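Below: one structure, written as structure tokens.
The values are calculated or read from the model by the stated rules, or taken from the named source; none is laboratory data. Note that the structure is predicted; figures quoted are calculated from it, not measured. Here the Cβ is made from the backbone with ideal geometry for all residues, glycine too, and neighbour counts use every protein chain on show. Heads up: the accessible areas ignore ligands, DNA and RNA and are worked out on the full protein's heavy atoms, side chains in. Shrake-Rupley method; radii C 1.70, N 1.55, O 1.52, S 1.80 Å.
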Amino acid sequence: MTMIEASSPHTMNTYGRVPIALSHGQGLRVWDVNGKSYLDGLGGIAVNTLGHNHPKLVPALQDQIGKIIHSSNYYHVPNQEKLAAKLVELSGMTNVFFCSTGLEANEAALKLARKFGHDRGIERPEIVVYEKAFHGRSIATLSATGNEKVQKGFGPLVEGFIRVPLNDIGALKAATEGNPNVVAVFFETIQGEGGINAMRIEYLQQVRELCDQKNWLLMIDEVQCGMGRTGKWFAFQWAGIVPDVMPLAKGLGSGVPVGAVVAGPKAANIFQPGNHGTTFGGNPLAMRAGVETIRIMEEDGLLENAARVGAHLKGALARELGGLDGVVEVRGQGLMIGVELARPCSVLTTRAAEAGLLISVTADTVIRLVPPLIITIAEADEIVALLVPLVKQFLAE
Ligand SMILES: *Cc1c(COP(=O)(O)O)cnc(C)c1O
């Protein structure tokens, strides 16, 4: 029995960790270093699109590692063009910049918006952001984030953000009324860290229209809700709109760090040589992971699976927990599901692990399920069977 240290003397104290260490996995199942098994309802926080040890992904990555892992952007990386073409086809947008993480993708989006302004003679561009948003932990992206806990201790924050509430077109218009410096509106279609809060379809359409009228960039952070999780490639596609800028990361490489900013015609030519770059972004291993992840998702019908199993999972949770005293709401779309309780419930993360289920609690009160897209109906039922008794016991305390 390997004991996992509660504190690690040599790594920085940045995470409140569950006291287990995972050793290997197969599909939806993972095992810790002591051989205990877990059902994976978290997927590495919406990252492990294809679950663990996928029989089609692993040989492809092994092949790539044996050829070339990294070459730098001094040279062409053929799979960059291949993955970009695929993302363009799936999104209806036009050009892609590759990076490695979500915050990097968002940082690039913020730079695009500022330069879009400067190119039009706006010296002090301002970007509309939202309450409860999460865009990352760099100085600029934490400034765009709508969570004081993320910002506390890191001031001065980056200027040039206007914050508005979700789903209120009147509030957005009032906050930007007569302001010639606004250049972009930036939000998550479904907020992840903020507690699984969705933008309504009508609101998405209204903001698209407003951005067209005002010549602002519509920038949609699909880092968590994108890449098929909701049953469409990108969650905004439920509203039939196309943004001007879309940051992606998490699920794009099925566990290999891959980030991307996809741009439409209004934003595709803003960056010129020297304006932006990164060492790791778009490297051969990352690009192979992205290309193969999308290929396998298409071959195996994983969007359809996400929609079908997600509806089943949400329905079962709503039946078992909806309406109970202490349960505020069961919500979400596809395989992005939140169960909001009336009081903080972070303790459930550890209790669920003890019971053999990996989940997370976000925004203090929201149980979050973002499992791999390969999940079956039987596995969804197993998640419900493990989670429901824990929640009921918690409610009774
Ligand atoms: C996770 C997340 C980020 C940050 O991604 P990192 O890879 O952790 O930098 C940004 N936006 C959203 C919506 C996220 O869920």
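For the pair ARG200/TYR15, report the inter-label distance in nm, with labels modelled 7 Å from Cα in the Cβ direction.
3.8
Using the structure shown, select from LYS111/LYS266; LYS132/LYS152; LYS111/LYS152; LYS56/LYS232; LYS232/LYS266 the pairs with a Cα to Cα distance greater than 18 angstrom.
Among LYS111/LYS266; LYS132/LYS152; LYS111/LYS152; LYS56/LYS232; LYS232/LYS266, the Cα-Cα distance tops 18 Å for LYS111/LYS152; LYS56/LYS232; LYS232/LYS266.
Can you tell me the orientation of helix 102-119 relative to the chain, as the angle in degrees between its alpha-carbon axis and the longest Cα principal axis, to the nearest 10?
With both axes taken from Cα atoms, the answer is about 10 degrees.
Gain in length, SER346 to THR94, computed as 0.36 nm per residue apart minus the alpha-carbon separation, to one decimal in nm? Kindly include the intermediate steps, with their values, before the conclusion.
On the way: separation 252, 0.36 × 252 = 90.72 nm, distance 4.12 nm.
Here the segment from SER346 to THR94 would lengthen by 86.6 nm.
So which residue, out of ALA133, ALA60, ALA260, gets the largest mean-square fluctuation from a GNM of the chain using Cα contacts under 10 Å as springs?
Looking only at ALA133, ALA60, ALA260, the largest GNM fluctuation is found for ALA60.
In 10 Å bins starting at zero, report the fraction of Cα pairs in region 1-151 per bin as a rounded %.
Going from the shortest bin to the longest, the percentages are 8, 21, 32, 27, 10, 2, 0.
Alpha carbon centre of region 71-101 versus region 102-156: separation in Å?
23
Provide the FRET efficiency to the nearest 0.05 for the LEU157-ARG120 pair, computing r from the beta carbons and using R0 = 30 Å.
Computed FRET efficiency for LEU157 and ARG120 comes out at 0.75.
In percent, how large is the relative contact order of region 68-299, given Cα pairs closer than 8 Å and 6 or more residues apart?
Relative contact order comes out at 29 percent.
For region 68-299, state what percent of all Cα-Cα pairs lands in each successive 5 Å bin, counting from 0 Å until the bin that includes the largest distance.
Reading the bins upward from 0: 1, 7, 15, 20, 21, 17, 11, 6, 2, 0, 0.
Rank ARG200, ARG120, ARG208 by accessible area, highest first, at a 1.4 Å probe radius?
Greatest to least solvent exposure: ARG200, ARG120, ARG208.
Quick one: work out Rg over Rh on the C-alpha atoms of region 251-361, Rh as Kirkwood radius.
Details: Rg = 19.7 Å, Rh = 17.8 Å.
Rounded to two decimals, Rg/Rh equals 1.11.
Work out, step by step, the length gained on full extension between LYS111 and TYR74: first 0.36 nm times the residue separation, then minus their alpha carbon distance; give nm to one decimal. Before the final figure, lay out the partial values.
Details: separation 37, 0.36 × 37 = 13.32 nm, distance 2.20 nm.
Here the segment from LYS111 to TYR74 would lengthen by 11.1 nm.
Check SER23: other-chain or 5+ apart residues with amide H under 5 Å from its amide H, H built from backbone geometry?
Placed amide hydrogens put TRP31, ASP32, VAL33 under 5 Å from SER23.
Restricting to DSSP H runs of at least four residues, report the calculated mean residue ellipticity at 222 nm for the chain, -39500 (n - 2.57) per run over all residues, nearest 500 deg cm²/dmol.
Values: 12 runs with 143 residues, N = 397.
Only helices count here, giving -11000 deg cm²/dmol.
Give the residue list of trypsin sites (Lys or Arg not before Pro) in region 1-95 that are DSSP loop and have at most 16 other beta-carbon atoms within 10 angstrom. Mind showing how you got there, number by number?
Values: sites: ARG17, ARG29, LYS36, LYS56, LYS67, LYS82, LYS86; in loops: ARG17, LYS36, LYS56.
In loop regions of region 1-95 (DSSP not H, G, I, E or B), the sparsely surrounded trypsin sites (Lys or Arg not before Pro) are ARG17, LYS36, LYS56.
Could you order HIS54, HIS10, HIS276 so the one with the most accessible surface comes first? Probe is 1.4 Å.
The ranking, largest first, comes out as HIS10, HIS276, HIS54.
Mind giving me the nanometre distance, one decimal, between the label points for GLU131 and ASP300, set 7 Å out from Cα along Cα→Cβ?
4.0
Once amide H atoms are placed 1.01 Å from N in the peptide plane, what residues at a sequence separation of 5 or more from VAL258, or on another chain, have their amide H within under 5 Å of its amide H?
GLY253
Compute the long axis of helix 284-299 from its Cα atoms, compare it with the longest principal axis of the Cα atoms of the chain, and write down the angle in degrees, 0 to 90, nearest 10.
It is inclined by approximately 70 degrees.
Determine how large the accessible area of GLU299 is when every protein chain is in place; take a 1.4 Å probe and give Å² rounded to the nearest 10.
Answer for GLU299: close to 100 Å² accessible.
Relative to the longest principal Cα axis of the chain, at what angle does helix 57-67 sit, 0 to 90 degrees, rounded to 10?
60
Averaging sequence separations of C-alpha pairs under 8 Å and six or more residues apart, then dividing by the length of region 243-341, give the relative contact order as a whole percent.
19
If you project the alpha carbons of the chain onto the principal axes, what extent comes out on each, in Å, largest first?
On the principal axes, the chain reaches 62, 54, 44 Å in Cα extent.
Check which residues have an amide H placed less than 5 Å from ARG163's amide H, if you skip close sequence neighbours.
Placed amide hydrogens put VAL129 under 5 Å from ARG163.
To the nearest 0.05, how large is the calculated FRET efficiency for ASP63 and ILE169 if R₀ is 56 Å and r is the Cβ-Cβ distance? Write out the running numbers ahead of the final one.
Numbers: r = 50 Å, r/R0 = 0.89.
Rounded to the nearest 0.05, the efficiency is 0.65.
What is the distance, in nm, between label points placed 7 Å from the Cα along the Cα-to-Cβ direction at LEU324 and at ASN215?
5.5
Could you compute the net charge surrounding ASN48? Neighbours are other residues with a C-beta less than 13 Å from the C-beta of ASN48; K and R count +1, D and E count -1. Let's see the in-between values first.
Numbers: positive: ARG29, ARG229, LYS250; negative: ASP40.
Once positives and negatives cancel, what remains is +2.
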